[in-house]
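Here's the structure we're looking at; comments come further down.
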Amino acid sequence: MSLKRMFSLRHTLALRLTLWYAGIFTLSSCVAFLLFYTLITSVIRERTDQELLSQASHFSAVLSARGLEAIQDYAVLEAQAAGVKKVFFRLLYSNGETFSSSNMAYWRDIGVRGAAIESVVRGNGHVFDTIVIKGRRDQVRVLYALIGPDIILQVGQSMENYSRFIDAFRGIFITTMVFLIGLAAGVGWFMARRAVSGIEAVTRTAQNISGGSLEQRVPVKPRGDEIDQLAITFNQMLDRIQTLVTEIKEMSDNIAHDLKSPITIMRGMAEVTLTTGKSLAEYESMAASTIEECDRLLDMINTMLMISKTEAGVDKLAWEKIELADVIQDACELFRPMAEDKGLTLNCNVPRKCPILGDPRMIQRMLANLLDNAIKYTEAGGTVSISVAENEGRDVVLNIRDTGIGISSKDLPRIFERFYRCDQSRAEAGIGLGLSLAKAVVRAHGGDIMVKSALNQGSTFTVTLPKSEPSDAKSNPHPQP
Ligand code: ADP
């Protein structure tokens, strides 16, 4: 691994996780070792103390059975039997004066502690000491015990064997720990890399996307863990962004296309009039056509603004009680001449009363757009029917049915998008905003609009409107789709 790469790893989550893992492992191992070490040393000390106490009771027994001289010989023999460098015995009077001992050449640095003698004499029975002799590694455990009237035994035992055992234990522990910490760091690194590899995939995809390729997706593994959930959510977000980007692109293409036609027409007319027109009538005709094209453009821009404002809830609806039956009757009367001109039958099947709460201007506009479409996209001899029914007293359901050219299943999901027009209807005038506005109005009233259609068999638009003002209409008049 190059130095540069190692340096760059400094800030990685994988390295931090590995360090945490190895650190916690080391700390818990050290605590376990310390507990174990303390336990072992206290057990060893207890065993040594028991041995020393048992020596003292042997001396006491010999003293009471065989007298003072016998225990002096006994001390020498016992020290020789155990090893003069392993154990020593000193026999003292209660004033601390030594009257006999085993071979003390090796133990000459160990004296008699007056305070210990005093404590034994005062009736404490026995006192333990741990002594470290300068220049020697191992400690010496010493017992002062009263073994007869006025006779005190000082017995000391080297802890060399135990020290060796502890040293070996410590050595094994350190070697094992070094190996285990290395292993823990390796395992930690492997686990951390595995855990963050999913995040790296998400990051890589995000980087590629910012480089321009919106089609990329994060690979999802079938494990179903948090990283996979992140990848799935990220992919869903990308799908949505891609759809939005495509829609925006199509919409701007459509706007450009719809603006281009009237502007080209106006420019063409002006050019023709300038080069060929001579009479006032020709100038007047050009001005009239220009006004007509400008009106078309203004209408388009106004409708776009209206859709945006209605969707965003910028313009509050002017809620009032509306008699929907009357609104529909008026609309039918308005569109009847247009239907008759086209040779269509217009059926208006509305009840006598159908009150709802809503914005009358908006409801009229929505109704007009739907009726206009039904008539526009139905050929001569066809029928357009409009009917209303109440649904459990909560909603009114408005159906506008025609026997016209219909909509293909490919186009159906998109007809409510701004500027979307089906291929088969391009012969008719229109800009593709009528249904977007109708949908925005219905949603602002807390209702819904749906369509059922089949190519060459006609279409049915179903509008459901709540009879009363939706509870969230004042704060959010436009519920999200
Ligand atoms: P337009 O101004 O083109 O009518 P709309 O937003 O009102 O725009 O409608 C979008 C498209 O939906 C229309 O171009 C047409 O292709 C299709 N459409 C809408 N209503 C009908 C209908 N009743 N019958 C068949 N096609 C329809």
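Nearest 500 deg cm²/dmol is fine: what mean residue ellipticity at 222 nm does the chain get from its DSSP H runs of n ≥ 4 alone, each adding -39,500 (n - 2.57), divided by its residue count?
Values: 10 runs with 263 residues, N = 481.
The helix-only estimate for the chain comes to -19500 deg cm²/dmol at 222 nm.
Please sort 311-317, 176-182 by packing, taking for each peptide the average over its residues of neighbouring beta carbons within 10 angstrom, highest first. Present the calculation step by step, with values, prior to reporting the outcome.
Numbers: 311-317: 15.3, 176-182: 12.7.
Highest-to-lowest ranking by the protection proxy: 311-317, 176-182.
Of the accessible area of the chain, with the probe set at 1.4 angstrom, what percent is carbon plus sulfur?
Details: 16340 of 27850 Å².
Ligands and nucleic acids excluded, carbon and sulfur reach 59 percent.
May I ask you to derive the relative contact order of the chain, considering only C-alpha pairs under 8 Å and at least 6 residues apart, and to give it as an integer percent?
Details: 614 pairs, mean separation 46.4, N = 481.
So the answer I get is 10 percent.
Residues of the range 220-243 with the amide nitrogen closer than 15 Å to a label point 7 Å from the Cα of Leu13, along Cα-to-Cβ, please.
225-234
Please report the projected area of the range 13-165's Cα convex hull averaged over all directions, in nm².
Working: hull surface 46.0 nm².
The Cα convex hull of the range 13-165, projected and averaged over all directions, gives 11.5 nm².
With N denoting the number of residues in the chain, provide Rg(C-alpha) divided by 2.2 N^0.38 Å, to two decimal places. Please list the in-between numbers first.
Working: Rg = 51.1 Å, N = 481, 2.2 N^0.38 = 23.0 Å.
Relative to the rule-of-thumb radius for its length, the chain sits at 2.22.
What is the calculated FRET efficiency for Val272 to Asn302, with r their C-beta to C-beta distance and R₀ = 30 Å, to the nearest 0.05?
Values: r = 29 Å, r/R0 = 0.97.
Once rounded, the FRET efficiency stands at 0.55.
Which peptide among 212-222, 297-307 comes first, and what is the full order, when sorted by highest mean count of other Cβ atoms within 10 Å? Numbers along the way, then the final one.
Details: 212-222: 12.4, 297-307: 14.9.
Final packing ranking: 297-307, 212-222.
Run through the range 344-396 and list the GluC sites (Glu not before Pro) located in a DSSP loop whose Cβ has at most 14 other Cβ atoms within 10 Å.
Numbers: sites: Glu379, Glu390, Glu392; in loops: Glu379, Glu392.
Sparse-neighbourhood loop GluC sites (Glu not before Pro): Glu379, Glu392.
I need two numbers for the range 323-481: Rg to one decimal and Dmax as a whole number, Cα atoms only, in Å.
For the range 323-481, the Cα radius of gyration and maximum Cα-Cα distance read 15.2, 47 Å.
List the pair-distance distribution P(r) of the range 226-310, using every Cα-Cα distance, as the percent of pairs falling in each 5 Å bin from 0 up to the bin containing the longest distance, rounded to whole percents.
Spelled out per bin, shortest first, that is 3, 12, 13, 14, 11, 10, 9, 7, 6, 4, 4, 3, 2, 2, 1, 0.
For the range 13-165, what relative contact order do you get, as a whole percent, if you take Cα pairs closer than 8 Å and at least 6 residues apart?
Values: 185 pairs, mean separation 32.2, N = 153.
The value is 21 percent.
Averaged per residue, what accessible surface does the chain expose to a 1.4 Å probe, in Å²?
Per-residue value: 58 Å².
The values are calculated or read from the model by the stated rules, or taken from the named source; none is laboratory data. This structure is a prediction, so every number in the text was calculated from the model and none was measured. Ideal geometry is used to build each Cβ from the backbone, glycine not excepted, and the neighbour counts take in all protein chains shown. The accessibility values were calculated without ligands, DNA or RNA, using every heavy atom of the protein model including side chains. Shrake-Rupley method; radii C 1.70, N 1.55, O 1.52, S 1.80 Å.
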